[in-house]
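Structure, as structure tokens:
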Amino acid sequence: MTNKPHSHAQWSSRIAFMLAAVGSSVGLGNIWKFPYMTGESGGGAFVLVYLVCILLIGLPILMSEWLLGRLGQKNPISTMSRIAGRLKRSQAWVLIGVGGILAAWLILSFYSVIGGWALAYVRYGASATFTGLDGDSVGTLFSDLLASPGTLLAWHSLFMVLTIAIVAGGVAGGLERASKILMPALVVLLAVLVGYAATTGSFGEGFDYLFRPDFTRLTGDVILAAMGHAFFTLSLGMGIMMAYGSYLSDDVNIGRTAMTVVILDTIIALAAGMAIFPIVFADGLDPAAGPGLIFQTLPLAFGNMSGGVLFGTLFFVLLVFAAWTSAISLLEPIVEWLEEKTPLSRLQSALVAGAATWILGIATVLSFNDWSAFTPFGMTMFDLLDYVTSKIMLPLTGLATIVFVGWFMGRDEVRAQLNMGSTAFAWWRFSARFIAPIGVAIVFVWGLMH
Ligand code: PHE
């Protein structure tokens, strides 16, 4: 990512920054992953822990990444190296950036496969495949897709090519303009779906499922999953937000901006849940169906509402778009790093990083069919990649980030960056030094042991 000189028109750089941050955070995590994790974890208790983690852990870490990025004005590795050097701290802090790049590669490999599912569903939507589906046939449609490695690979490849094209070619200008229309359109369509869910007769049941916690469902693993997802959905623990922080001009209020991103991201996830669970209960589907949940519920809605072909196609187009902007943010740091550390050009770096991700993605493609019985540590390759990134790598790099800001940076320097009133800052600092790091550490250790 190149640094925008501060002489840029403030307002355009502020919009560009918001679009990049929202584009990265809002994606499959909100619409695909959040509902199915909620279903697998038994509903409200997971949602509650997730919301607490977003607020007490996600928000301060997001702010920390941005303030580091704005101070360092470089890619995550150089930023950490520069700030640690200036403060005479160990260069080991650079590991935050390195761990982030590795995590981005692992995540993008499976993210692209799921992006491919969404592409496949654009095609189903447009060819009116959803019309007249019932609970069974919608399941068959999905399981047939998963059973075909060739088809999955083709869609995964297309998704990767789309991502590489943007990162290599930098047609980002057009992407920004498109975001301004397509992101709000996604919100509108989600609202339409929630409206449809309200007509299923099971809206109350879906609502209760999401918001009435059943604490007997709270195991260590559920809590760890909720915290891991807070990192995933906000794109934290990977240096991505740190890289975006270098775009931030000095007069932007980090706290307020972070709050905006967090609220938007959370509303979109909750709306997806509100659209999906009433359909699950109205049609007698299994909330714990796993990663296929949205692909087995929303087509039912589209198949039964008027204008369903149009809405169905549009919805999956918008889902692809949201996934695409997140995928770009995942590939970008890897490419940037290759470009700086090797003699490769930007185009070559994008091709190499993209190819490496594409190849690893094949493991996820096969985990749903030919390799489904290959389960190291008791997990399929897809589950393993998800577990290692969300439940181990992101929390660890996130923890390191907030410990650095809370304990290894000067109070005044942090305060100048955050530009808060003294009481608000005292609270912020307390959460950055104690609540967030201790929270991550407890959930992490306890979750892994249970
Ligand atoms: N936050 C994105 C989502 O919710 C996924 C993502 C994770 C993007 C990590 C970038 C980094 O879909």
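Determine whether Leu19 is closer than 19 Å to Pro333 by Cβ, modelled with pLDDT of 90 or more, within 16 Å of the ligand (Cβ to nearest atom) and open to solvent by 20 Å² or more (accessible area, probe 1.4 Å). I'd like the intermediate steps shown before the answer.
Numbers: closer than 19 Å to Pro333 by Cβ: yes; modelled with pLDDT of 90 or more: no; within 16 Å of the ligand (Cβ to nearest atom): yes; open to solvent by 20 Å² or more (accessible area, probe 1.4 Å): yes.
Against the criterion (closer than 19 Å to Pro333 by Cβ, modelled with pLDDT of 90 or more, within 16 Å of the ligand (Cβ to nearest atom) and open to solvent by 20 Å² or more (accessible area, probe 1.4 Å)), Leu19 does not qualify.
Could you tell me whether any residue of the stretch 147-160 is assigned to a loop (DSSP other than H, G, I, E, B), under 19 Å from Ile268 (Cα atoms) and of a type in the set (A, V, I, L, M, F, W, C)? Full working, then the answer.
Residues of the stretch 147-160 assigned to a loop (DSSP other than H, G, I, E, B): 147-148.
Next, from what is left, pick out any that are under 19 Å from Ile268 (Cα atoms): none.
The answer is no, given that none of the residues of the stretch 147-160 is assigned to a loop (DSSP other than H, G, I, E, B), under 19 Å from Ile268 (Cα atoms) and of a type in the set (A, V, I, L, M, F, W, C).
Results for (1) part of a helix (DSSP H, G or I); (2) open to solvent by less than 40 Å² (accessible area, probe 1.4 Å); (3) over 29 Å from Phe444 (Cβ atoms), shown as yes or no for each residue.
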position: Leu319; (1), (2), (3): yes, yes, yes
position: Ala323; (1), (2), (3): yes, yes, no
position: Pro343; (1), (2), (3): no, no, yes
position: Val352; (1), (2), (3): yes, no, yes
position: Gly361; (1), (2), (3): yes, yes, no
position: Leu384; (1), (2), (3): yes, yes, no
position: Thr401; (1), (2), (3): yes, yes, no
Any residue at all in the stretch 405-420 that is within 16 Å of the ligand (Cβ to nearest atom) and open to solvent by less than 30 Å² (accessible area, probe 1.4 Å)?
no
Where residues in the stretch 244-263 are within 13 Å of the ligand (Cβ to nearest atom) and touching a Ser or Thr at 6+ places or on another chain (Cβ under 8 Å), which of them is nearest to Glu65 (Cα to Cα)?
Tyr244
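Any chance the stretch 26-35 includes a residue that's of a type outside the set (Phe, Trp, Tyr), more than 23 Å from Phe316 (Cβ to Cβ) and part of a helix (DSSP H, G or I)?
Just the residues of the stretch 26-35 that are of a type outside the set (Phe, Trp, Tyr), to begin with: 26-31, 33, 35.
Narrowing the set further to residues that are more than 23 Å from Phe316 (Cβ to Cβ) leaves none.
There is no residue in the stretch 26-35 that is of a type outside the set (Phe, Trp, Tyr), more than 23 Å from Phe316 (Cβ to Cβ) and part of a helix (DSSP H, G or I).
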Under the condition of being modelled with pLDDT under 90 and in a loop (DSSP other than H, G, I, E, B), which residue from the stretch 72-89 is surrounded by the most Cβ atoms within 10 Å (Cβ to Cβ)?
Asn75
Looking only at the stretch 91-110, filter to residues that are more than 11 Å from the ligand (Cβ to nearest atom) and of a type in the set (A, V, I, L, M); which one of those is surrounded by the fewest Cβ atoms within 10 Å (Cβ to Cβ)?
Ala92
Could you tell me whether the stretch 117-128 includes any residue that is open to solvent by 20 Å² or more (accessible area, probe 1.4 Å), among the small types (Gly, Ala, Ser) and part of a helix (DSSP H, G or I)?
yes
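The values are calculated or read from the model by the stated rules, or taken from the named source; none is laboratory data. Source: prediction; values computed, not measured. All Cβ positions, glycine included, derive from the backbone under ideal geometry; neighbour counts span all protein chains shown. To get the accessible areas, we keep the full protein, side chains included, count just its heavy atoms, and leave off ligands, DNA and RNA. Shrake-Rupley method; radii C 1.70, N 1.55, O 1.52, S 1.80 Å.
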